[in-house]
1. Once amide H atoms are placed 1.01 Å from N in the peptide plane, what residues at a sequence separation of 5 or more from G25, or on another chain, have their amide H within under 5 Å of its amide H?
2. Arrange the following residues from fewest to most other Cβ atoms within 10 Å of their Cβ: R28, R35.
3. Please work out how much length the chain gains when fully extended from C65 to N24, using 0.36 nm per residue of separation minus the C-alpha to C-alpha distance, in nm with one decimal.
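Readers should treat all values here as calculations from the given coordinates under stated rules, not as data from a laboratory. None of the values given here were measured: they were computed from a predicted structure. A quick note on method: Cβ atoms are made from the backbone with ideal geometry, for glycine too, and the neighbour counts reach across all protein chains shown.
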Amino acid sequence: MLATTTTTAATSTFPSVSIKVGVNGFGRIGRLVTRAAESSASSASSASSASYLSVVAVNDPSLSCEYITYLLKHDSVFVGRVTICV
């Protein structure tokens, strides 16, 4: 249950809520979702009521963890390297 705290006459502060998601497959769309989730988590501030995504699992049985990390860090479509901790 989310609790609200009234600070002034008509303003309320809501706690930041993380939506946990799992990525099924780590192809083009899976990597895009992972990057979007990380960018939304890093741009959400604690003072705002914005929700953000948190990737908690990647389901791709044909890939090892090391290769998933490599694919995310060295994605050929995005300019530059990813700055998230994997």
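1. For G25, whose amide H was placed from the backbone, the distant partners under 5 Å are N59, D60.
2. So the ranking, lowest neighbour count to highest, is R28, R35.
3. Length difference between fully extended and current span is 13.3 nm.
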